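In what follows, a single structure is set out as structure tokens and then discussed.
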Amino acid sequence: MKLLFFAILSLLITLPVAATGTEFEKRNYKPSRISEPPEIDGKLDEPVWDKCNWDGDFRQFEPYNGQEPSQRTEFCILYDDDNLYVAIRAYDCSPDSIVQRLTRRDQEDGDIVGIAFDSYYDLRTAFVFGVSAGGTKFDWVVSNDGQNEDRTWDPNWWVSTNVDEKGWVAEMRIPFSQLRFEKNGNGIWGLQVFRGVYRHGELNFWQHIPQDAPGLVHRFGLMSGMVDIEPRTIFDITPYAVTLAESFQAQPGNPFATGSGYDLKAGLDAKIGITNNLTLDLTVYPDFGQVEADPSEVNLTAYETFYHERRPFFIEGQNISSFSLGIGNGGVGNDNLFYSRRIGRRPQGNISIENGSYVDMPSFTNILGAAKLTGRTRDGLSVAIIQSLTAEEKAEIDLFGDRSFKTVEPLTNYFVSRVQKEYNEGNTLLGGMFTNTYRNLDENLADQMHNTAYTGGIDFTQYFKDKTWMFNINAAMSHVEGNELAITRTQRSSARYFQRPDAGHVILDSTRTSLTGTGGRMQLLRSGNSNWSFMGAMLWKSPEFEINDLGYMREADQLFQVFWVGYREWEPKGIYRNYNINVNQYTIWAFDGNRYATGFNANGYIMFDNYWYSYGGMEYNHDIISRNHLRGGPAMRLPDRINSWIGAGTDNRKKFTANINGNYGAGMKSNSKYYGVSPGITYKPVDMLNLSFNPSYTHRFEELQYVSQNAFDNTDRYIFASIDQKVINFSFRINLTVLPDITVQYWGQPFITSGNYYDFKHINNPMDNDYHNRFHVYDQQQISFEEGLYQIDENMDGYIDYQFGNPNFRVKEFLSNLVIRWEYNPGSTIFLVWNQCRSGFDTNGKMDFFEDMDRLFSEKPHNIFLLKFSYRIGLR
């Protein structure tokens, strides 16, 4: 805690004095009111467009910031009581060079135009509507002055494009119900219009914004005169129906594996405008069968894998409901009070069954219903409230015809609330978060899960000097309750390992029925108005901090300090178009004050003048003392380690592109080594078709891979082995866009991995200065293998002292997903889905690629065919 105090003090001392923001001229556009709406056909042949107030004079944002664009662009905005009408004329001296690629919504490719409205005029939030020359819509919400983008927002609006001898045209109709603005406001909105000229890698803005500007939305131009309109609230109800059929390998004697199954279900989604600023999303018995499966993996660590959210209900607006306690990407960067994948997850309860039993285990937890209230008021108050109820799930057990049920996931209520208020013209932000998980536990699960879990947090952000400096602190508290066995499980979990014999500052108390902890993040950041950026941060999580009931955290009992420096050049010069270089240093302590690791990282990226690019980096870890390597045993000193990566790619604008990534890592005592290569190719033979192929190969050697824990002579034995692991996978995608509203997507991934364990050993002196004295390798007289078990006669007296199973593995899996999607009316869709899975496992431990691939595709597949129909009923 002393380290934390001094870190806070040093950051506060270095805070710069606030200064007046830089003055700049804002352009002003006044739209025209009309009585007869134009037809949205992309032709602009109605008289209303001739009388419109056309504007232009765009400037480049990139590559040559502030210079005149290569092509002229003009736009016009009209409105009536219900809609905005936008026309953008993208002149082009070479119309045959306009790239008109067709893609799925929000995956724009080719030439683009778009418009963004800061309809709150809060200088932080904007609603973006864009379209490619091929007619593909894209739309998103920008928040936090451009720092966050929510591309999951899918409003209902209409657009049409047309290419002619002058260039191309986009014509839009945007209902006021899809925007948020105040009644009786001052009639001023923020406005930005943009155009991308694909062949030149050029992005042009109507309101010029410098590349080094600290933010985007506050630098928008103005749209004035919007005083004679009324806010509209949305009221959409979308019922759906799903029919499902599946086929799989029948198992003789297993009543639950007959080889086929059928299901029919229905549900309801709704989007209701409570006010013009607050929207309520509802879902009853949701179905996410069209969502792509998570990629295959074999996790040999003690930590849970983090998976990104893919379900539409939960990803829309997720920036508002986030309360991050991490920094960076991956690892500690995923720490957050809200991890939506907890809702509807695979059942977590364990059950015991008798020999001869067959079990029908649910593969996921059904969501009975969920509600989400989100919005933002004109005075800068952001709100997100999520309530979800998941069903009780039971495993059905058959023992010689007798049926019984055991609960594997309880009826659970999840609650999330997040608020944030802006002050001082958006330069000061104060917010809070509260979550609750309540489970209705029976006697089977009461020993395995928390009954109740709470987390709460407050956050404060202050911007200085025209937002070029930012100070932020997020502080959180957690409290979990359960019976003695459940709380003991939490203390012994991989997030804390209170049972460690050398952990003097924590105690494993098997009588406790609750845990309370704190965590947080504090950072000082300097960016904008310069090529240089700096960041210093401190993260902390007390030993009892526990947020994994509804959040995500890998490891508690941690103080994490990081300092980062970055330099970037964005103006093309010589051989490059842009580049950046980053350097950071970090140190990790536990709450006992002991240092457990330090590290250094340097990386860079460059895009060359021909649009090829390259990147690379290196990380060095030293003074490593692992508190989790023995998974509940004492801390262990590990050799220093180096990791490196390098990659390159060709011009992404071309029909054929290629890229390659390589990585290499090694321990300084030859105790570990890994290398991997991941090439990739993408081919776009025609504008409507995109083909990609991304294979990868990884080879890993680790001298100290955890195997098991046993006891010998009243002493714990932590069993390790050397492992030779190989991983091969091939990911391939086909994206076919028949029309902007009709798409076909296919993804497939064969995955093969093997792990061969050898040179078994036990840890005997984990903190010895000599690496090789930290473990003892069993000799041939001490270890034998019989009937699938390794048997250890450690004292060589002729009797087996302990034994453990064969850890070798060879996993083969093929996942594929075909989705045909037709949005026959905005918000109304038909999905035809085919999911297939093939899998196999054995303990061979050796990979034979061609044989393994042959065996993989000889496995009986599990096929799921799904037809989903939804119809949006817009009542307002």
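Summary table
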{"quantity": "Pair list, Cβ < 6 Å and 6+ apart or interchain, from region 597-625 residues that are among the hydroxyl-bearing types (S, T, Y) to residues that are not in a strand (DSSP E or B)", "calculated": "T598/D623; Y611/D651"}
{"quantity": "Selected residue (criterion: surrounded by the fewest Cβ atoms within 10 Å (Cβ to Cβ)) from residues of region 844-863 that are within 18 Å of Q251 (Cα to Cα) and not charged (D, E, K, R)", "calculated": "S858"}
{"quantity": "Among the residues listed as F841, F804, F785, the single one being surrounded by 14 or more Cβ atoms within 10 Å (Cβ to Cβ), part of a strand (DSSP E or B) and out of contact with any helix residue (DSSP H, G or I) (no Cβ under 7 Å at 6 or more places or on another chain)", "calculated": "F804"}
{"quantity": "Residue in region 35-56 that is farthest from the chain's Cα centre (by Cα), counting only those that are open to solvent by 100 Å² or more (accessible area, probe 1.4 Å) and touching a residue at least 24 places away in the same chain (Cβ under 8 Å)", "calculated": "S35"}
{"quantity": "Filter result for T737 (at pLDDT below 95, open to solvent by 50 Å² or more (accessible area, probe 1.4 Å), among the hydroxyl-bearing types (S, T, Y) and at negative phi)", "calculated": "no"}
{"quantity": "So E68, is it out of contact with any Leu (no Cβ under 9 Å at 6 or more places or on another chain) and either of a type in the set (G, A, S) or modelled with pLDDT of 95 or more (or both)", "calculated": "yes"}
{"quantity": "Within region 510-540, considering residues that are touching a helix residue (DSSP H, G or I) at 6+ places or on another chain (Cβ under 7 Å) and part of a loop (DSSP other than H, G, I, E, B), the one surrounded by the fewest Cβ atoms within 10 Å (Cβ to Cβ)", "calculated": "T511"}
{"quantity": "Cross-chain or 6+ apart pairs with Cβ under 7 Å, region 241-258 first and under 14 Å from D398 (Cα atoms), then in a loop (DSSP other than H, G, I, E, B) and open to solvent by 50 Å² or more (accessible area, probe 1.4 Å)", "calculated": "A257/Q251"}
{"quantity": "Residue match in region 400-418 (condition: within 27 Å of the chain's Cα centre (by Cα), assigned to a loop (DSSP other than H, G, I, E, B) and among the small types (G, A, S))", "calculated": "no"}
{"quantity": "Candidate set from region 715-734 (those that are touching a Leu at 6+ places or on another chain (Cβ under 7 Å) and open to solvent by less than 50 Å² (accessible area, probe 1.4 Å)); member that is farthest from L691 (Cα to Cα)", "calculated": "Y718"}
{"quantity": "Positions within region 195-243 being part of a loop (DSSP other than H, G, I, E, B), among the β-branched types (V, I, T) and open to solvent by less than 10 Å² (accessible area, probe 1.4 Å), in sequence order", "calculated": "I209, I234"}
{"quantity": "Tally of residues being in contact (Cβ under 8 Å) with a residue 24 or more places away in the chain, over 21 Å from K812 (Cα atoms) and surrounded by fewer than 18 Cβ atoms within 10 Å (Cβ to Cβ) across region 290-303", "calculated": "2"}
{"quantity": "Check on A503, part of a loop (DSSP other than H, G, I, E, B), farther than 30 Å from G146 by Cα and in contact with a Lys or Arg (Cβ under 9 Å, 6 or more places away or on another chain)", "calculated": "yes"}
{"quantity": "Residues that are touching a helix residue (DSSP H, G or I) at 6+ places or on another chain (Cβ under 9 Å) and either open to solvent by 10 Å² or more (accessible area, probe 1.4 Å) or over 24 Å from R105 (Cβ atoms) (or both), drawn from region 152-192", "calculated": "T152, D154, N156, V163, D164, E165, K166, G190"}
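To keep it simple, each residue is scored yes or no on (1) surrounded by fewer than 19 Cβ atoms within 10 Å (Cβ to Cβ); (2) free of Cβ contacts under 8 Å to residues at least 12 places away in the same chain; (3) of a type in the set (S, T, N, Q).
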| site | (1), (2), (3) |
| --- | --- |
| E555 | no, no, no |
| Y567 | yes, no, no |
| G574 | yes, no, no |
| Q585 | yes, no, yes |
| R595 | yes, no, no |
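The values are calculated or read from the model by the stated rules, or taken from the named source; none is laboratory data. Just so we're clear, the structure is a prediction, and the values are computed from it rather than from any experiment. Neighbour counts run over all protein chains shown; Cβ positions are idealised from the backbone, glycine included. Note: areas computed on protein heavy atoms with side chains; ligands, DNA, RNA excluded. Shrake-Rupley method; radii C 1.70, N 1.55, O 1.52, S 1.80 Å.
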